[in-house]
Amino acid sequence: MARLILVLGLLFLWAPILLLAGYAFSADRIPFQWGGFSLRWFAALAENARVQEAALLSLSVATGAATLACLAGGLAGWALARGGRFCGRPLFGLLAGAPLVLPEVVMGLSLLLLFVLAQGAAETLLGWRLERGAGTIVLAHATLGLAYVAVLVQARLARLDPRLEEAAADLGAMPRVVFLTITLPQMVPSLVAGWLLAFTLSLDDVVLASFVSGPAGTTLPVLIFSSLRMGLTPEVNALGVVILVLVLAAVGVAGWVLRGRGGDPG
Amino acid sequence: MPLRLAFRLAFRLAFCLLLLLCGALLARPLAAQPVLNVYNWADYIDPYMVQRFQAETGIRIRYDVYDSLETLEGKLSSGRSGYDLIVPTSEPSFARLVRAGALRPLDRARIPNWANLDPGLMARVATVDPGNRFGAIYLWGTVGLGVRVDALRQLLPGARFDQLDLLLNPENAAKLARCGLAVMDSATDVLPSVLRWLGKPPDSTAAADLRAAEQALLAIRPHLRAIPGSGALLDMLARGEICVAMTYSGDVIQAAARAREAGRGVEIAYAAPASGAHLWFDLLAIPADAPNPEAAEAFIDFLLRPESMAAITGHVRYPNAVPASRPLVPEAVREDPSVYPSAESLAQAFVPGTLGPAEDRARSRLWNRFKAGR
Amino acid sequence: MRAALVAAPFLWLLALVLAPALLLGWIAFGSAAEGVPPVAPPLAWQAGALSWQGSLESFALLLEDPHYAGALLRSLLVAAGTAALALLLAYPMAFAIAEARPRWRLPLLALVLAPVWTGLMPRLGAWIGLLRDEGWINGVLLRLGLIEAPLTLLFSDIALYAGMLHSYLPYAVLPLAIALSRRDRLLEAAAADLGAAPARVFLSVTLPLSLPAAAAAFLLVFIPAAGEFVIPELLGPPGDPLLGRVIWAEFFQSRDWPLAAALALTLLAVLALPIRAYQRLGQG
């Protein structure tokens, strides 16, 4: 029964994607109309420097943001689960979860205000003319991803029996050694999951990026969203296929490298 | 212990990465080659013009696009956008930016081609920008109806397309509902025409007039298939999903070209209301805090050359304000009356006046109610 | 060392979450004006002294005009609907993944997440292609003779929920699959040894133990869905805008930043309860 629903659910998730992938090879100018097999949209993509630039920017922003989110979010999740009592802990917990609930529109807007303020401060105090651009998008996406990573890590550590760590400490392990040999390895699966989640969120985001970006900060989703007036061309389908294949390959490699870790998603 | 070592290594690596990232974020942009940051509507230029300017001047252009005035204003109104050249529409964005002091006066000494601009059209913009200090007309157009001619021939034979009655008369709307009706999602660009159709002043702030406009819109609301952004509307028109749509002239003309290209028997035509169409202008302007205004002025001068403007109009099918460019525009576009309106329809056309913030908000709330159908 | 490790993410959150939120609150009490930015701050330096010029006008307007309450209510309904549908579908999916052989779990999870990696826009484009009048679904139904005229699917609630579910389902499967595959199977074995039928084992052991994860999955969909902007904009019905859209409109179209900020704060206040619940689950 559960398996049937898994198959149905995967079908629901994949049907539009397969359709999209299939019609990426259609010659017709109107998407989702079959006009004979053709690679013209992939060729068009290969010639479209704007799209390539944006795709490259998107992938690097997503990688940077996911990595930052993993570092900061991993620490935040650890601090919430194992940091003990410290000043401002309730506030910390609230803030770590806030990006999950802030509507993107609101978060984008408030971050924009902050960056503008920071730009002003940098110019008057340091004489620097900072630009909004890829960097601000990375910060915004990392903040969003941080919340997801923190939640995953915190949940993971909450289920980890603290006595395991206490036992190691009792046996004379330094706190750092306890962390590195016991806590961190237990965090790894949730960090990997969190990285993927943060990467995905970043790759998908239109709203945050369009708020906080500046010149030459057009990520792929923003570019497509803003060129909707050209209509959805099959080029967009081709692009979806290319990204999907790229990311799947990357995940496949990562999975293969990590396969020693027991293949346990939790 | 190899595992521990591996983790320590990974940690160091991650830390270095973090440092690098911070460094990259804080690094000041290198000022080796002059850079011009342009922010224009999507698909609103002949891309060859950008290349040519770069080749001629050695200034590198970073070209970003937006799909709605909201996006532009959102970027601009917070300040320090980083853009050197923007292309806001006269009403409401350009007018608002002028009043907010967000634009930099143009130095006409650096823009000799300013003399190419049509004084009659520039005078129309002077209502929001006295003395034309802040903006030069890039392209302009009207608001009217995009019509799917092949479908309408069967449904409403003999109907006139150059009347808003086609859409705003509830009887017609009911007949056409199945075929698909749409209004673009823009209070500022739809309400003036509706008010004019009702015989009221297009920039009226009288509560009774606005209520009448709201009633008129609500009467056709049940028959509307969609109230999309103008970009999405263009696409729907081109695919033949919409029979009558109220939107921008150039969008309809682009949709018509695309429908022809697709060759599926969808025939689209544009008609501006004969009784007087809403006229709008997109202006070349420089933000007050632009990092490189000189380059922006050089680009404006370049764009105002007749050859440049002719190429752009030929490409995007919106008329420009440089009369000397007209003979250079490809004939199919030059002779198309829906691109270049006739002299008498231009005389009939109106430019709505500026509204205060409170009136503006009242209108957008009216629009919200219309969209919700209440 | 420990202090530094706690301080680093804390500082990040203070700078990039609290500070922007405070800016938002600051603006909510201001009033709209013309300028860059288009707000008059609530506190101003006047005649050598700070003077309070803020107002509660924006909040008053929120209560006054039913448009805003309606948008909030509808947003919550759509979010709850999406989250409920996602949970109904995600639970059995996650269970099947958890029951699969260990080496199949990660690939299956990747299979669930992968559609998201095509990017939002191609994905929504696919839905538009499926749902529009000449789209695939109508084509199939017409050919089968089940309908005579194409159904209007695009810009309807069906399209909205399909798009939302498609985007959010993976986020619900992920935590559930993790929790279910990590569960203590000894308890189930014990229940089975004591003679409980498989259905009974599931209902009285597995399900109750996974409820926190299920609640977390629900909230993980519900909370962001409540503020969703792009999907309703491209697929949903034109009337009755959701709150994300209303905030966007107030911000950009009316340029009423105080009102937009007030709306955002209201949404935040309404969602405070679920987020608190979610964090409790994370700790428990």
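Residue by residue through region A:185-223, note down the ones that are in a loop (DSSP other than H, G, I, E, B) and either more than 30 Å from C:Ala249 (Cβ to Cβ) or open to solvent by 10 Å² or more (accessible area, probe 1.4 Å) (or both).
Narrowing region A:185-223 to residues in a loop (DSSP other than H, G, I, E, B): A:205-206, A:213-219.
Within region A:185-223, A:Ala216, A:Thr218 meet the criteria.
Find the residue count for region C:71-87, including only residues that are surrounded by 17 or more Cβ atoms within 10 Å (Cβ to Cβ) and within 14 Å of chain B (Cβ to nearest Cβ). Explain how you work it out, then say what you get.
Step one: of region C:71-87, the residues surrounded by 17 or more Cβ atoms within 10 Å (Cβ to Cβ) are C:71-72, C:74-76, C:78-79, C:81-83, C:85-87.
This time we only want the ones that are within 14 Å of chain B (Cβ to nearest Cβ), so: C:71-72, C:74-75.
So the count comes out to 4.
Does any residue in region B:116-140 that is acidic (Asp, Glu) come within less than 6 Å, Cβ to Cβ, of a residue that is assigned to a helix (DSSP H, G or I) and at pLDDT 90 or above six or more places away or on a different chain, and which pairs are these?
Pairs found: B:Asp118/B:Pro323; B:Asp129/B:Val98.
Could you identify the single residue in B:Pro170, B:Pro157 that is touching a His at 6+ places or on another chain (Cβ under 8 Å), open to solvent by 30 Å² or more (accessible area, probe 1.4 Å) and over 23 Å from C:Trp248 (Cα atoms)? Write out each step before concluding.
On the way: B:Pro157 fails: touching a His at 6+ places or on another chain (Cβ under 8 Å).
None of the others qualify; the one that does is B:Pro170.
For region C:114-129, enumerate the residues that are open to solvent by less than 20 Å² (accessible area, probe 1.4 Å), of a type outside the set (Phe, Trp, Tyr) and within 7 Å of chain A (Cβ to nearest Cβ).
C:Ala114, C:Pro115, C:Val116, C:Thr118, C:Gly119, C:Leu120, C:Met121, C:Pro122, C:Arg123, C:Gly125, C:Ala126, C:Gly129
For region B:125-147, give me each residue that is under 12 Å from B:Phe281 (Cβ atoms), outside any strand (DSSP E or B) and not hydroxyl-bearing (Ser, Thr, Tyr).
B:Val125, B:Ala126, B:Val128, B:Asp129, B:Asn132, B:Gly135
Could you check region C:146-160 and list, in sequence order, the residues that are open to solvent by less than 60 Å² (accessible area, probe 1.4 Å) and either polar (S, T, N, Q) or modelled with pLDDT of 90 or more (or both)?
Across region C:146-160, the qualifying residues are C:Ser156, C:Ala159, C:Leu160.
Any idea which of C:Leu169, C:Leu186, C:Leu203, C:Leu234 is open to solvent by 20 Å² or more (accessible area, probe 1.4 Å), facing chain A (nearest Cβ under 9 Å) and either closer than 29 Å to B:Leu233 by Cβ or assigned to a helix (DSSP H, G or I) (or both)? Step through it out loud before you land on a result.
Working: C:Leu169 fails: open to solvent by 20 Å² or more (accessible area, probe 1.4 Å); C:Leu186 fails: facing chain A (nearest Cβ under 9 Å); C:Leu203 fails: facing chain A (nearest Cβ under 9 Å).
Of C:Leu169, C:Leu186, C:Leu203, C:Leu234, the one residue that is open to solvent by 20 Å² or more (accessible area, probe 1.4 Å), facing chain A (nearest Cβ under 9 Å) and either closer than 29 Å to B:Leu233 by Cβ or assigned to a helix (DSSP H, G or I) (or both) is C:Leu234.
On the given criteria, is C:Ala179 within 12 Å of chain A (Cβ to nearest Cβ), part of a helix (DSSP H, G or I) and either open to solvent by less than 20 Å² (accessible area, probe 1.4 Å) or aromatic (Phe, Trp, Tyr) (or both)? Outline the logic, then answer.
Working: within 12 Å of chain A (Cβ to nearest Cβ): yes; part of a helix (DSSP H, G or I): yes; either open to solvent by less than 20 Å² (accessible area, probe 1.4 Å) or aromatic (Phe, Trp, Tyr) (or both): no.
Criteria not met by C:Ala179.
Take region A:92-137 and flag every residue that is touching a residue at least 12 places away in the same chain (Cβ under 8 Å), at the interface with another protein chain (Cβ under 7 Å from one of its Cβ atoms) and farther than 27 Å from C:Arg245 by Cβ.
A:Phe92, A:Gly93, A:Ala96, A:Gln119, A:Glu131
Being surrounded by fewer than 17 Cβ atoms within 10 Å (Cβ to Cβ) and either more than 14 Å from chain A (Cβ to nearest Cβ) or in contact with a Ser or Thr (Cβ under 9 Å, 6 or more places away or on another chain) (or both) narrows it down to one residue among B:Pro192, B:Pro201; which is it? Full working, then the answer.
Values: B:Pro192 fails: surrounded by fewer than 17 Cβ atoms within 10 Å (Cβ to Cβ).
After applying the criteria, what remains is B:Pro201.
Taking region C:237-284, which residues are part of a helix (DSSP H, G or I), in contact with an Asp or Glu (Cβ under 7 Å, 6 or more places away or on another chain) and of a type in the set (D, E, K, R)?
Step one: filter region C:237-284 for residues part of a helix (DSSP H, G or I), giving C:243-253, C:257-283.
With in contact with an Asp or Glu (Cβ under 7 Å, 6 or more places away or on another chain) added as a condition, the list becomes C:244-245, C:250, C:252-253, C:259-260, C:263.
If the condition is that a residue be part of a helix (DSSP H, G or I), in contact with an Asp or Glu (Cβ under 7 Å, 6 or more places away or on another chain) and of a type in the set (D, E, K, R), then C:Arg245, C:Glu250 are the ones that fit.
Just for region B:56-80: of the residues that are part of a helix (DSSP H, G or I) and polar (S, T, N, Q), which one is surrounded by the fewest Cβ atoms within 10 Å (Cβ to Cβ)?
Narrowing region B:56-80 to residues part of a helix (DSSP H, G or I): B:56-57, B:69-77.
After this cut, where a residue has to be polar (S, T, N, Q) as well, the list is B:57, B:71, B:77.
Details: B:Thr57: 15, B:Thr71: 18, B:Ser77: 23.
So the residue we want is B:Thr57.
State all residues of region C:243-280 that are more than 8 Å from every other protein chain (Cβ to nearest Cβ), touching a residue at least 24 places away in the same chain (Cβ under 8 Å) and open to solvent by 10 Å² or more (accessible area, probe 1.4 Å); if no residue qualifies, say none.
Passing the criteria: C:Arg245, C:Leu265, C:Thr266, C:Val270, C:Ala277.
Give me the pairs, please: first residue somewhere in region B:294-311 and outside the structural domain of B:Ile86 (by TED's automatic domain parsing), second residue anywhere and open to solvent by less than 10 Å² (accessible area, probe 1.4 Å) and at pLDDT 95 or above, beta-carbon distance under 6 Å, and either six or more positions apart or on two chains.
Correct list of pairs: empty, since none qualify.
In the list A:Ala209, A:Ala155, A:Ala150, A:Ala216, which residue meets the criterion of being small (Gly, Ala, Ser), in contact with a Leu (Cβ under 9 Å, 6 or more places away or on another chain) and modelled with pLDDT of 85 or more? Don't jump to the end; show me each part of the working.
On the way: A:Ala209 fails: in contact with a Leu (Cβ under 9 Å, 6 or more places away or on another chain); A:Ala155 fails: modelled with pLDDT of 85 or more; A:Ala216 fails: modelled with pLDDT of 85 or more.
Selected residue: A:Ala150, the only one of A:Ala209, A:Ala155, A:Ala150, A:Ala216 that is small (Gly, Ala, Ser), in contact with a Leu (Cβ under 9 Å, 6 or more places away or on another chain) and modelled with pLDDT of 85 or more.
What helices (runs of 4 or more DSSP H), lying completely within region A:8-113, carry at least 1 residues that are farther than 30 Å from C:Leu76 by Cα and either open to solvent by less than 20 Å² (accessible area, probe 1.4 Å) or out of contact with any Cys (no Cβ under 7 Å at 6 or more places or on another chain) (or both)?
Answer list for region A:8-113: A:40-47, A:49-82.
The values are calculated or read from the model by the stated rules, or taken from the named source; none is laboratory data. Note that the structure is a prediction, hence the values are computed from the model and not measured. As a convention, Cβ positions derive from the backbone with ideal geometry for all residues, glycine included, and neighbour counts pool all protein chains shown. Accessible surface areas use protein heavy atoms only, side chains included; no ligands, DNA or RNA. Shrake-Rupley method; radii C 1.70, N 1.55, O 1.52, S 1.80 Å.
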